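The values are calculated or read from the model by the stated rules, or taken from the named source; none is laboratory data. No experiment lies behind these values; they were computed from the predicted model shown. Cβ: placed from backbone, ideal geometry, glycine included. Neighbour counts: every protein chain shown. In case anyone asks, the SASA skips ligands and DNA or RNA and just uses the protein heavy atoms, side chains included. Shrake-Rupley method; radii C 1.70, N 1.55, O 1.52, S 1.80 Å.
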Amino acid sequence: MELLERVAILAIIIVVVIAGLVFLYGDSIKPAPLTESQAIQIVGSDIRAGNPAANITLISASNSTAENNSWNIIYSVAYNVTRACPTLQIEGFDYPATGLVPSIDNLYTQNCTIYGISDAPTYVISTPEIAIVRSYTIHNSTIDSYVSDYGYNNTYVYARFYQNLPANETPNGANMSAVWVVKYSSPASAASEYAIMNQAGDKLIEVFSSTNNAIAV
């Protein structure tokens, strides 16, 4: 019994000492807040682990408005980015405040559909993936034939936004502003098809063929 009493007293002393240390030095032994780069790395690694075949791109990172020492981090998750109908999803996190559960989870394109485009009176195409899908789903006969002739999986598509496109880079010799240039190419074809589209995506301004890199895309 005497031994048990000594052990119990010793345990109580240890608990009291630990409690005192925590009280005196608790703030100094708390883990340091995550830096922005650390939060970006943790969130990005988690997204990549869950989407190993996707193209993952950091869109933005900023201080959380909901909680101190947390970060608003937004990533794009895209599949089949060089095909005529890529899939695009935007995921946002308030990390570490809400953990690795997205606070923003918006699907923009999937299966040749652009979600929300018909509901917006003045839609603005903001990403290459949306521009690609829109240029294809307008169903221009030249583009449709190109993809059909060379095959969907053998046609590579790229898009680039131009705030100003000089006249000497376009066949019609006209200056253009705020346009998307979408390029369709295939290893089986010597020529590529170019589609120039306004930023709203409701009009193909020009479609033309070229055997060289007519416009950088």
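Average the reciprocal distances over every distinct pair of alpha-carbons in region 72-119, invert the result, and give the Kirkwood radius in Å.
When all Cα pairs of region 72-119 are included, the Kirkwood radius is 11.7 Å.
Qualifying GluC sites (Glu not before Pro) in region 54-129, where qualification requires a DSSP coil assignment and no more than 14 other C-beta atoms within 10 Å, comprise 67.
With R₀ fixed at 45 Å, the C-beta to C-beta distance from residue 169 to residue 60 puts the FRET efficiency at about 0.90. Here region 104-217 exposes an accessible surface that is 45 percent carbon and sulfur, computed with a 1.4 Å probe and the other protein chains kept in place.
A Förster radius of 22 Å combined with the Cβ-Cβ distance from residue 113 to residue 149 puts the calculated FRET efficiency at roughly 0.35. Between residue 191 and residue 216, the simple label model (points 7 Å from Cα in the Cβ direction) yields a spacing of 2.6 nm.
With all protein chains kept in place, the per residue accessible area of region 115-217 amounts to 50 square angstrom at a probe of 1.4 angstrom. Computed extension length for residue 46-residue 156: 36.7 nm, one decimal, from 0.36 nm per residue of separation with the Cα-Cα distance subtracted.
Here's the picture: a label point sits 7 Å out from the Cα of residue 82 along the beta-carbon direction, and within region 121-153 the residues with their amide nitrogen under 13 Å of it are 153.
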